[in-house]
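Heads up: the structure comes next, in structure tokens.
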Amino acid sequence: MYDTFILGQISLDINVNHDGTAIHESGGAVIYSGFAAGSLGHKTAVLPKGNPADVDPAAAFAQAQNVDVFPVASAHSTSIKNVYHTPDKERRTSTAISRIEPYRPSDIPPDVKTRIYHIAGLMRGDLGEDIIAWCSGKALVALDVQGVLRCVEDGAMVFHDWTDKKTWLPKIDFLKTDALEAEIMTGTADRAEATRLLHSWGAKEIMITHNTEALIYDGQKIYTRALKPRNLSGRSGRGDTCFSTYITERLSRPPEEALLLAAATVSLKMEKPGPFNLSRGAVEAYIREFY
């Protein structure tokens, strides 16, 4: 029995910083989420999909702790170019160079048991509503809305609202958005109000990440925790790290405690490029020092 089973592709990323320097690296929510959950001691499985000629899932997770890899072959792999326009990496232009064939329910090993299915696609169509339907009722379902809002139009990646959100949100136990995505879905820039609306449409617990804080609404109370990184060299993967940490900690902790650990974990992660690969003890020491 796994604590979390993360469905999502590895992306062959080209990240161009505001000063023009380019970095080629393996990214995607599945990497940042998988490393974070495993590093904190949660039994984790990942289901990365891609062309084996381009992507080596075993190598991508070779340094991860407590992570089992169930690779799925695709004729194509996902590759994304991100151009960051500011030093804080809050503004970027993303272009899809290539993308995987969509996941199918038959890609999910039926005999693998988990407490959470974490659906972590990168673009609309990667993991469709048939995947949500398959996972629902078998375990808790966590969804990063990036995978249902971010669309590809002539290569450009643009965001559009999820037309059928009120049909599918009742099947989501944990929903993650960033501030912009929340506004697209709800029409309000007030993050607290956005969480209330998303909850009223059926999502059980909602996380909204922002460059200053992470916010949770569980239907009864809003919780917030500041993010306190001392630098932003590891900004990529912020939301994935925060969400994965929160949902796995929620298996044994109340929202306020899970959010504290998530905020501290992602703050530490943002201080170093790459996925989070430190210990729970390092996070607890960070909490003692800064929280």
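Derivation of every value follows stated rules applied to the coordinates shown; laboratory data play no part. Note that the structure is predicted; figures quoted are calculated from it, not measured. Because the Cβ atoms are built from the backbone with ideal geometry, glycine has one as well, and the counts that use them run over all protein chains shown.
At-a-glance table
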{"item": "Which numbered condition ALA182 misses (of (1) more than 27 Å from ARG115 (Cβ to Cβ); (2) assigned to a helix (DSSP H, G or I))", "result": "(1)"}
{"item": "Residues that are among the small types (Gly, Ala, Ser), touching a strand residue (DSSP E or B) at 6+ places or on another chain (Cβ under 9 Å) and closer than 22 Å to ARG250 by Cα, drawn from region 124-178", "result": "SER136, ALA139, ALA142"}
{"item": "Region 55-67: number of residues that are touching a residue at least 24 places away in the same chain (Cβ under 8 Å), surrounded by fewer than 16 Cβ atoms within 10 Å (Cβ to Cβ) and not polar (S, T, N, Q)", "result": "0"}
{"item": "Strands (runs of 3 or more DSSP E) lying entirely in region 1-70 (those with 2 or more residues that are more than 24 Å from SER233 (Cα to Cα))", "result": "4-7, 44-47, 67-69"}
{"item": "The one condition in (1) among the hydroxyl-bearing types (Ser, Thr, Tyr); (2) closer than 22 Å to PHE159 by Cα; (3) more than 19 Å from the chain's Cα centre (by Cα) that THR21 fails to fulfil", "result": "(2)"}
{"item": "Test: ARG196 is assigned to a helix (DSSP H, G or I), without any contact (Cβ under 8 Å) to a residue 12 or more places away in the chain and basic (Lys, Arg)", "result": "no"}
{"item": "One residue from SER252, SER279, SER267, SER244 being surrounded by fewer than 24 Cβ atoms within 10 Å (Cβ to Cβ), among the polar types (S, T, N, Q) and closer than 28 Å to LYS204 by Cα", "result": "SER252"}
{"item": "Among (1) of a type in the set (Gly, Ala, Ser); (2) crowded, with 23+ Cβ neighbours inside 10 Å; (3) free of Cβ contacts under 8 Å to residues at least 40 places away in the same chain, the one test that ALA285 misses", "result": "(2)"}
{"item": "Residues satisfying the stated conditions in region 208-226, i.e. of a type in the set (A, V, I, L, M, F, W, C), buried (at least 18 other Cβ atoms within 10 Å of the Cβ) and within 13 Å of GLU256 (Cβ to Cβ)", "result": "ALA214, LEU215, ILE216"}
